[in-house]
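The block underneath contains the structure these notes are about, expressed in structure tokens.
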Amino acid sequence: MIIGVPKEVKDQEWRVGIVPSGVKALVDAGHKVLVQAQAGEGSSMPDAEYKEAGAEIVGSAEVVWKRADMIVKVKEPVQQEIPHFRPGLVLFTYLHLAPIPDLTDALLKEKVAGIAYETVTDHQRGLPLLTPMSEVAGRMSVQVGAAYLEKEKGGRGVLLGGVPGVPPAKVVIIGGGVVGTNAAKIAAGMGADVTIIDVNLNRLRELDDIFGGVVRTQASNSYSIARATAEADLVIGGVLIPGASAPKLVTRQMVSRMKKGSVIVDVAIDQGGCIETAKPTTHSNPAYTVDGVVHYCVTNMPGAVPHTSTLALTNATFPYVMKLASVGAKSAIKSDEGIRQGVNTYDGHVTYKAVAESQKRPSVNVADLI
Ligand SMILES: NC(=O)c1ccc[n+]([C@@H]2O[C@H](COP(=O)([O-])OP(=O)(O)OC[C@H]3O[C@@H](n4cnc5c(N)ncnc54)[C@H](O)[C@@H]3O)[C@@H](O)[C@H]2O)c1
């Protein structure tokens, strides 16, 4: 198989889909890997390392997309990449299609097999390709939130951990999954007063065991969320309903009742956000203020720490890349339940139910198409 690795073009996105060690393994297995010049530069992985691993370095994105059977990327394609779509192309990347009907239209029109990292499942029906980036974003959310709580960044001027004689900041984390747990770990480590809100009581039990009382847990409902957010210095949104748009759990009215200079980091913004006043931002212009509350809503947070993120991501994605290359996409989709769950578009159809429901389109079971 010819595998193409284009340089990411999304604003401030420095990650890359395959690292040199992955290229070597693919080339050793008899595949060809085309890497766009400087694709790994932003992750401190220069062309020379890719070349040494056996990649062919290609000057333009257009040639990479044109010659490859399968494109391995990081983020969903942006406008300028859409003209590269063509029938038969396999696209393995984060897609986050639910809030982007235009991209869905383009994938359907060109009959691209769009396999989304975020819906591939493992044997425990977990989301193994979302986990590493959620770990990064969850840990980063506290680092970023602490910075925006500083006065000169528009915050209340609150130190997350407080000092002896001054209480710490109140951090409210909505969603106690991977993002939420990693955020809680860092926030508690910095000495903050941390509450995690989740709808899944069993998850709250696990969190209670994991954190041993250092972190408070709270069942999710609009009453508990309104109360907790009104008292919070930092609110972190980490809710997920797989493949679907995030529910707007913090309403505009709740935001208006938050303390002036408090901070919201809506990590779930890549699925539309779980805060009503959240809208997607970029690393170039990451934050804005509504009702005196600072909102940080960057859709690709891990892009800010590309070296760590690229290694964490490719550790998880690479076994799937190898499988898709070795047996071919169609066989891999047929034989591997986890990869099948990742297929969001195939042969002109939406094949992931939650995406179809979010966009009010029909969906088809991919097993009926192959
Ligand atoms: N912005 C970024 O750069 C970035 C990076 C990584 C992940 N994310 C996003 O962060 C979000 C969370 O990811 P994750 O890996 O932690 O997901 P996860 O599945 O591990 O956790 C989601 C949690 O939300 C909880 N939940 C669902 N409905 C809820 C409700 N009504 N109230 C409270 N909790 C509820 C679930 O029970 C679950 O514990 C996803 O949207 C993911 O795409 C964003």
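The values are calculated or read from the model by the stated rules, or taken from the named source; none is laboratory data. On a predicted model such as this, the values are computed, not experimentally measured, just so you know. Backbone-built Cβ (ideal geometry, glycine too); neighbour counts: all protein chains shown. Accessible surface areas use protein heavy atoms only, side chains included; no ligands, DNA or RNA. Shrake-Rupley method; radii C 1.70, N 1.55, O 1.52, S 1.80 Å.
At a glance:
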quantity: Total formal charge among the other residues, if their Cβ is under 11 angstrom from that of T181, Lys/Arg +1 and Asp/Glu -1; calculated: 0
quantity: Residue-count net charge about L108 - beta-carbon cut-off 15 Å; Lys, Arg +1, Asp, Glu -1; calculated: 0
quantity: Distance (nanometres) between label positions extended 7 Å along Cα→Cβ at S224 and K330; calculated: 5.0 nm
quantity: Integer Hz, Karplus 6.51/-1.76/1.60 couplings in order for the range 319-335, x for Gly and Pro; calculated: x, 6, 4, 4, 5, 4, 6, 6, 9, x, 4, 4, 5, 5, 5, 5, 8
quantity: Helix-only mean residue ellipticity at 222 nm for the chain, each DSSP H run of n ≥ 4 adding -39500 (n - 2.57), per residue, nearest 500; calculated: -10000 deg cm²/dmol
quantity: Descending semi-axes in Å of the range 1-91, equivalent ellipsoid built from Cα gyration tensor; calculated: 19, 16, 10
quantity: For the chain, alpha-carbon Rg relative to the globular expectation (2.2 N^0.38 Å, N residues); calculated: 1.01
quantity: The range 265-316, accessible surface, carbon-and-sulfur percent (1.4 angstrom probe); calculated: 53 percent
quantity: Probe 1.4 Å, protein heavy atoms only - accessible area per residue of the chain in square angstrom; calculated: 42 Å²
quantity: Cα-centred dipole magnitude for the range 270-370, charges only on beta-carbon of K, R (+1) and D, E (-1), debye, nearest 20; calculated: 280 debye
quantity: Vicinal HN-Hα couplings computed from phi for the range 352-357 (Karplus, 6.51 cos²θ - 1.76 cosθ + 1.60; Hz; Gly/Pro x); calculated: 10, 4, 5, 5, 4, 5
quantity: Hz values of 3J(HN,Hα) by residue in the range 221-233 - Karplus curve (6.51, -1.76, 1.60), Gly and Pro given as x; calculated: 7, 5, 5, 5, 5, 4, 5, 5, 5, 5, 9, 6, 8
quantity: Unsatisfied cross-links (Cα-Cα over 28 Å) in the set K32/K353; K66/K109; K51/K323; K109/K353; calculated: K32/K353
quantity: Counted charge near S262, where neighbours are those whose Cβ lies closer than 12 Å (Asp, Glu -1; Lys, Arg +1); calculated: +2
quantity: Among A329, A184, A48, residue whose mean-square fluctuation peaks in a GNM of the chain (springs only between Cα atoms under 10 Å); calculated: A48
quantity: Estimated dipole of the range 32-135 in Debye, rounded to 20 [Cβ of Lys and Arg +1, of Asp and Glu -1, Cα centre]; calculated: 360 debye
